[in-house]
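Structure, as C-alpha cells:
The values are calculated or read from the model by the stated rules, or taken from the named source; none is laboratory data. The model shown is predicted, which means the values in this text are computed figures rather than measured ones. Note: ideal-geometry Cβ built from the backbone for every residue, glycine included; neighbour counts use all protein chains shown. Ligands, DNA and RNA are stripped out before the accessible areas are found, and what is left, the full protein with its side chains, is counted by its heavy atoms. Shrake-Rupley method; radii C 1.70, N 1.55, O 1.52, S 1.80 Å.
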Amino acid sequence: MNDGYTLDRPQSLSCPDCGGTLSTHKVGGFRQYQCHIGHVFSTEVLLAAQFARLEERLGGALASLNERAELCRRMADAASKDGRDATSFQAAAAECLERAQTLRHLLQSEWTRLHM
Ligand SMILES: [Zn+2]
C-alpha cells in the first residue's frame, strides 16, 4: 500500500485534548506541557492522557476495520444473490478481519505501566 511510512523522532508532542503543539516549561521544579490554546499537563497527566488517546485511536481503527469487513460481507452477499462474482468482496472482508485481529491483540496486550 504505502511504503512511505517512517518512524522518525517527532519534532514536537501534541496536546491530547486538541492536537495543538505542546511547549515544555519548568514550574517549581516540575515539567509542565502547555498547548497554544492553554491546555496544561503535568508529565504524569500527559502520559495518561496520551495513552487514553492512543487507545481511542486504536479502538477507532479496530471499529473501522470491523465495519469495512461487514460492508464487504454485505456486498459479497448481494453479489452472490445477483449471480455475480463475490470473491473479491469475500477476500477483502477476510483481510479486514485478519488485520482487525492484529489490532485487537495489540489493544488487549499488556502495556508497560509507568510510575512517576
Ligand atoms: Zn490543547
**Request:** Filter region 1-50 for residues that are on the phi > 0 side of the Ramachandran plot and either open to solvent by less than 60 Å² (accessible area, probe 1.4 Å) or at pLDDT 95 or above (or both) and give the result.
**Result:** Gly19, Gly38
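Table: residues versus (1) farther than 30 Å from His25 by Cα; (2) polar (S, T, N, Q).
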| residue | (1), (2) |
| --- | --- |
| Ala49 | no, no |
| Ala76 | yes, no |
| Ser80 | yes, yes |
| Gly83 | yes, no |
**Fill in**
Note on His105: of the conditions (1) surrounded by 12 or more Cβ atoms within 10 Å (Cβ to Cβ); (2) of a type outside the set (D, E, K, R); (3) assigned to a helix (DSSP H, G or I); (4) without any contact (Cβ under 8 Å) to a residue 12 or more places away in the chain, unmet is (1)
**Request:** State yes or no: is Glu95 part of a helix (DSSP H, G or I), without any contact (Cβ under 8 Å) to a residue 40 or more places away in the chain, more than 30 Å from Leu46 (Cβ to Cβ) and open to solvent by 80 Å² or more (accessible area, probe 1.4 Å)?
**Result:** yes
**Asked** Name the residues in region 20-42 that are under 23 Å from the mean Cα position of the chain (by Cα) and within 7 Å of the ligand (Cβ to nearest atom), would you?
**Response** Gly20, Cys35, His39
**Message:** Can you tell me which condition Thr112 does not meet? The list is (1) polar (S, T, N, Q); (2) open to solvent by less than 90 Å² (accessible area, probe 1.4 Å); (3) out of contact with any Lys or Arg (no Cβ under 9 Å at 6 or more places or on another chain), and all the others hold.
**Reply:** (2)
**Asked** Do we have Val40 as in contact with a strand residue (DSSP E or B) (Cβ under 8 Å, 6 or more places away or on another chain), β-branched (Val, Ile, Thr) and more than 24 Å from Trp111 (Cα to Cα) here?
**Response** yes
